[in-house]
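Single-structure report; data block below.
The values are calculated or read from the model by the stated rules, or taken from the named source; none is laboratory data. Since this is a predicted model, take the numbers as computed values, not measurements. FYI the Cβ positions are ideal-geometry reconstructions off the backbone, even for glycines, and counts take in every protein chain you see. Surface accessibility is based on the protein's heavy atoms, side chains included, excluding ligands, DNA and RNA. Shrake-Rupley method; radii C 1.70, N 1.55, O 1.52, S 1.80 Å.
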Amino acid sequence: MSHHLYTQYTDLLHKAADLNYAAAVLGWDQEVYMPPKGAEHRGQQLATLTTMAHEMLTADSCGKLLDELSAATDLDETAQHNVRLSLEDHTKNKKLPAKFVEELSQQQSTCFNAWIEARKKNDFSLFAPSLDKMISLKRKQAALYGSVAHPYDALLDDYEKGATVAMLDGVFAGIRETLPALLGKIKAAPQVSDDCFSQHFPRQQQWNFGIDVLKQMGFDFEAGRQDVSEHPFTTSFSPQDVRLTTRVDEHNYASMLWSCIHEGGHGLYEQGLPMEQYGLPLGSAASLGIHESQSRLWENCVGRGRDFWNFFYPKLQQYFPQQLGNVSMDTFYKACNRVEPSLIRTEADEVTYHFHVMIRYEIEKALIAGTLETKDIRDRWNELYVQYLGVRPTDDRTGVLQDVHWSHGSFGYFPTYTLGSFYAAQFFHQAQQDIDGLKTQLSRGETGALLQWLRGHIHQYGRRYTSEELCERVTGKRLDATYFMQYIQEKYADIYGI
């Protein structure tokens, strides 16, 4: 009997996924190919599709079906996992009344447009009123989700299930204890040059090399493609249709290269999810932190590593003989890993990056707890930049208006970037233990064994485990920042001779 019910359940989830993925195609198109005048109706089209999917999954009939399946005794383990996770999602989504979901969706559009306008005019005060309304909606959302130790925990759970303020305070305390000393040593050492990046690199050659690297990483172009967008991102409509985007700057080669490898890491995860679980919880990624661990592992542990460039640098020189023909591998490698405190999070190096995230975390936590007011965000932001990085924003565009996240209402998202880097270092350490001669393989351009390892240990499980359970399963322990600290100290001791 329950097998018949389970089929009903999978049919329902497939339909909801079809609507959400159709919306994702429109969202991808909005960022990549849509003509400017298309914006007027696009928001409405997206809202219609996502609201329909939300209604299907929060309907009482769906809850009743999930309750019946939860009580069933004859489902296999995979089916039980799917039902349990769907019931959790359903219960959580039901806590948000349809009217609230609609109000939040409309505020996202208003807020995003206000952010665009404020960025154009370089003035935070133009963004503040709609951001203030967004923050009060987010505080209301936290309250609707129900009582937890800290209201911010409820929002974190949307992005990183199981993460809490208590856990993150520990993670960031570790950063405050360890990274300033490392940054101090690097600042005291002679700076490495990255002049080799600041030349003219023709667009088409950059693009072609990027595609070559993605192919070598194992990205399947029969099941995906890459295009250009304002902000690089990855989206997926099934494991057999994964879209990457990147941006190309002809006067700064690093920009395209790193977003290409970073988004490639996200794309490989999406292509590695189990096809037969399409639309079901076990067919989606574990969490944002685990997703970010995949992009960071490829971008930093592999793509900014010496072994990787042993193979790829001669190829890159063939693409750009004039620009790089006389630049040594060592000079190039050091340029890839130059450390310099700066204002912009997305352009930050591996050492300073986490200060950018910590600043946003401290501000978000205070806003949701009600201990910081919207009108004071800019001042707090600028103070923290001076405190942690020794740089002060000179305007709002390179300061408090640089990220899109708050305009979307994505409070609780930023910490997943740091968690991703930490998980990446721990996973990569384990991969080196498990794969014989991994460093040698990478220096020959052979990434297949690493990809297979990631597929076997991480990708294939979808949402079967929480981030922490998965980490323990793969490495034998929960998240431990020591791996990241060790990785980063060894790497930069070599680069800066400290």
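Numbers at a glance
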| read-out | value |
| --- | --- |
| Region 64-96, subset touching a Leu at 6+ places or on another chain (Cβ under 8 Å) and free of Cβ contacts under 8 Å to residues at least 40 places away in the same chain, residue farthest from residue 138 (Cα to Cα) | 70 |
| Condition met for residue 327 (over 24 Å from residue 127 (Cβ atoms), of a type in the set (A, V, I, L, M) and under 22 Å from the mean Cα position of the chain (by Cα)) | no |
| Residue that is nearest to residue 105 (Cα to Cα), among those in region 376-409 that are open to solvent by less than 60 Å² (accessible area, probe 1.4 Å) and among the charged types (D, E, K, R) | 403 |
| Residue tally, condition open to solvent by 30 Å² or more (accessible area, probe 1.4 Å) and small (Gly, Ala, Ser), over region 457-477 | 1 |
| Single condition residue 445 does not satisfy, out of (1) modelled with pLDDT under 95; (2) open to solvent by less than 10 Å² (accessible area, probe 1.4 Å); (3) over 19 Å from the mean Cα position of the chain (by Cα) | (1) |
| One residue from 132, 153 being surrounded by fewer than 19 Cβ atoms within 10 Å (Cβ to Cβ) and either modelled with pLDDT of 95 or more or part of a helix (DSSP H, G or I) (or both) | 132 |
| Single match in 343, 324 (criterion: open to solvent by 30 Å² or more (accessible area, probe 1.4 Å), of a type in the set (A, V, I, L, M, F, W, C), closer than 24 Å to residue 190 by Cβ and at pLDDT 95 or above) | 343 |
| In region 220-239, residue modelled with the lowest pLDDT [restricted to those that are aromatic (Phe, Trp, Tyr) and under 18 Å from the mean Cα position of the chain (by Cα)] | 233 |
| Condition met for residue 125 (part of a helix (DSSP H, G or I), among the hydroxyl-bearing types (Ser, Thr, Tyr) and more than 19 Å from residue 377 (Cβ to Cβ)) | no |
| Flag if residue 367 is open to solvent by 20 Å² or more (accessible area, probe 1.4 Å) and closer than 16 Å to residue 138 by Cβ | no |
| Test set (1) in contact (Cβ under 8 Å) with a residue 12 or more places away in the chain; (2) under 23 Å from residue 354 (Cα atoms) - residue 202 fails condition number | (2) |
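So that you can scan it fast, the table gives a plain yes or no per residue for (1) without any contact (Cβ under 8 Å) to a residue 40 or more places away in the chain; (2) in a helix (DSSP H, G or I); (3) among the hydroxyl-bearing types (Ser, Thr, Tyr); (4) touching a strand residue (DSSP E or B) at 6+ places or on another chain (Cβ under 8 Å):
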position	(1), (2), (3), (4)
9	no, yes, yes, no
15	no, yes, no, no
19	yes, yes, no, no
39	yes, yes, no, no
57	no, yes, no, no
